[in-house]
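Report on one structure; see the data block that follows.
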Amino acid sequence: MADEKKKPIKTKNPKDPQRRDFLTLATGVVASTGAVAATWPFISSMNPSTDVLANATSEASLKGIRAGEVKTIEWQGKPIFIFHRQEKQIATMEGRGEGFDPENDSDRVKRPDWLVVVGICTHLGCVPLRKKEVWFCPCHGSVYDNSGRVLVGPAPRNLDIPDYKFIDPDTIVIGKEQV
Amino acid sequence: MKKVLRWIDQRFPLTSFIKHELTEYPTPRNLSYWWNFGSLAGIVLMIQIVSGIFLAMHYKADATLAFDSVEHIMRNVNYGWLIRYLHSTGATAFFVVIYIHMLRTLYYGSYRSPREIMWWTGQGLLVLLMATAFMGYLLPWGQMSYWGAQVITSLFGAMPFFGDELVTWLRGDFIVGDATLTRFFALHYLLPFIIVAAVFIHLVALHSVKSSNPSGINLADKDNIPFHPYFTVKDLFGLCIFLVIFSYFVFYKPNLFIMAENYVPANPMQTPAHIVPEWYFLPFYAILRSVPDLLGGVIAMGLSVMIFAAMPFLDRSKIPGGSRYRPFHRFMFYAFVIDIMVLAYVGAAAPEGFVIPLGQIATFFYFASFAILPFASKIEEKWLIKRGLPAEVEAMMQSEEAQKADRRQRKQDRRKTKRKDQ
């Protein structure tokens, strides 16, 4: 007798799902979705806060940077190299470069005499040092040319170009408004 | 006193617990001093937690104050120098003890059945320890702290698709900054307590499978002796020796493990000319640098830490124990230790000249020694059996075979009875 009563509850016919199975599943799905959703505020709180985002732009004056000189300014806390290139430096940089991430020099500058790059090695985030006609990363030995293109690894790609625009011939604004 | 104890025992199994897990806990009588390092690690953990809590009473986790607050501890706080040097030297001591503990496990084959869970919880503890040490190293906010954190958080940028977003999320800023410092402090305070919890899991596993021993053979009951007083004394003696050496470094050479560059406040605009991680990360750092591709390097480094977990599967020999009865296992062990030292040298040297190929060869050898282990252990086993084993080892292997056959037989029987039922 007892066996006969138990049997219909045990059978799992896909065409006739048991209500209990459905309720268990639904409860499980709702609960786990809720639990996952509840973690979002905590995960999101670890992203840059609004005051960090508010520092999204920096203004830099180009006055006083002589040809051949590099000035480092701060943007979002990162070093930005502003390089006033000489005629011969521009001339040698023309074309796609000798490195393994070829890119036209003209695509990397807004005005050929001013190179603006993020001064952070694309390998692991160290600040490259200016050495003669190249940038050299002291951490793992990457080398970049006068267009910020990588010549020697382990850096995987060229130095990044930030968003910037000339607001007048002697001033640039780096970054986009983010808030 | 007895009355109080009886009152407690009626409500909580205090006496029986102490008897079962400490005083009468059966321990192999042939344990050597290499078996001291587990309890030593526990003591160092306590030193770190206590000194760390007292440091936190004076430390300020703020990018503008952190460096000065550490100097304040060193100069103004009563015995602040001592507490700080205990903590910084303790980090080094922790890794020394843990690495010896791991090498002992590898040498004597203690990771093998039935101690896999011990080995894996140990692996988890190693990762937790590394994370805690890495985050703690940022807190003094010196140049090495800063650029170490910058480089290691950048590693996550190698993740395809959302690498950059992940790095920004980890740092809470576009570079390592105040947000990074405060969250590292919070986690550096939290993780040790998670480590304590994980240590308890490690110990529960230990007390279920019991200690391994230098012979590598499961001992008969008559070869076990109670933990107290035999091993409480042995552990305490080892602890005294440890504390003598530890005190020497705390009081006479505290700056041996703190790089001079770290007494320069963090400067996000300038990377020091030569950045080196702490000595305990050097071999892994060398592996990272030896792979020319960034993502490949990150994967290789992660694998070099986690690959130890595979040891119970890789070692396929039927000969019980570790190097005691296995000459080739012993040879590979020493070759591996030398290889780690070569990698440490490579990690500390500037990446130029012969250091680069040396690092690549050592990296190759590191992974190769894991890769050939399944085959080497099998070949060695056949050779050893052909040559003839000590009687005790043979008896042990036979009893293990018999147990296995017995289990197989019972499984088949169960299957048969099941079939009959249907």
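The values are calculated or read from the model by the stated rules, or taken from the named source; none is laboratory data. For clarity, every value in this text was computed on a predicted model and none was experimentally measured. Positions of Cβ are generated from backbone atoms using ideal geometry, with glycine treated the same way; all protein chains shown enter the neighbour counts. The area values use the complete protein model at the heavy-atom level, side chains included, leaving out ligands, DNA and RNA. Shrake-Rupley method; radii C 1.70, N 1.55, O 1.52, S 1.80 Å.
Details
- Criterion: touching a helix residue (DSSP H, G or I) at 6+ places or on another chain (Cβ under 6 Å), modelled with pLDDT of 95 or more and farther than 30 Å from B:Ala158 by Cβ - qualifying residue of B:Phe249, B:Phe237: B:Phe249
- Here B:Asn255 clears all of (1) in the same structural domain as B:Phe364 (by TED's automatic domain parsing); (2) assigned to a helix (DSSP H, G or I) except the condition numbered (1).
- Only one of the listed residues (B:Phe354, B:Phe365) is open to solvent by 80 Å² or more (accessible area, probe 1.4 Å), closer than 26 Å to B:Leu155 by Cα and touching a helix residue (DSSP H, G or I) at 6+ places or on another chain (Cβ under 8 Å). That residue is B:Phe365.
- Failed item, numbered, when A:Ser147 is tested on (1) small (Gly, Ala, Ser); (2) more than 21 Å from the chain's Cα centre (by Cα); (3) at negative phi; (4) buried (at least 20 other Cβ atoms within 10 Å of the Cβ): (2)
Here's the yes/no breakdown for (1) assigned by TED's automatic domain parsing to the domain that holds B:Leu106; (2) under 29 Å from B:Ile241 (Cβ atoms):
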| position | (1), (2) |
| --- | --- |
| B:Val4 | no, no |
| B:Trp34 | yes, yes |
| B:Val44 | yes, yes |
| B:Met57 | yes, no |
| B:Phe67 | yes, no |
| B:Tyr79 | yes, yes |
| B:His87 | yes, yes |
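- Restricted to segment B:152-169, and to residues there that are open to solvent by 40 Å² or more (accessible area, probe 1.4 Å) and among the hydrophobic types (A, V, I, L, M, F, W, C), the residue that is farthest from the other protein chains (Cβ to nearest Cβ) is B:Phe161.
- Selected residue (criterion: farthest from the other protein chains (Cβ to nearest Cβ)) from residues of segment A:159-179 that are among the acidic types (Asp, Glu) and either in a loop (DSSP other than H, G, I, E, B) or open to solvent by less than 60 Å² (accessible area, probe 1.4 Å) (or both): A:Asp170
- Selection within segment B:24-46: residues that are open to solvent by 40 Å² or more (accessible area, probe 1.4 Å) and touching a residue at least 24 places away in the same chain (Cβ under 8 Å). The member of this set that is farthest from the chain's Cα centre (by Cα) is B:Glu24.
- Extreme residue, least open to solvent (accessible area, probe 1.4 Å), among residues of segment B:378-402 that are of a type outside the set (Gly, Ala, Ser) and not in a helix (DSSP H, G or I): B:Leu389
- Residue satisfying all of: in segment B:291-334; within 30 Å of B:Val151 (Cα to Cα) and small (Gly, Ala, Ser); surrounded by the most Cβ atoms within 10 Å (Cβ to Cβ) among these: B:Gly297
- Within segment A:46-158, strands (runs of 3 or more DSSP E) holding 1 or more residues that are basic (Lys, Arg): A:70-75, A:78-84, A:129-131
- With respect to being more than 16 Å from A:Met46 (Cα to Cα) and buried (at least 17 other Cβ atoms within 10 Å of the Cβ), B:Ser208 falls outside the description.
- Residue match in segment A:53-61 (condition: open to solvent by 50 Å² or more (accessible area, probe 1.4 Å), within 14 Å of chain B (Cβ to nearest Cβ) and over 19 Å from A:Phe166 (Cα atoms)): yes
- Verdict on B:Asn218 being open to solvent by 70 Å² or more (accessible area, probe 1.4 Å), part of a loop (DSSP other than H, G, I, E, B) and either more than 30 Å from B:Gln123 (Cβ to Cβ) or not small (Gly, Ala, Ser) (or both): yes
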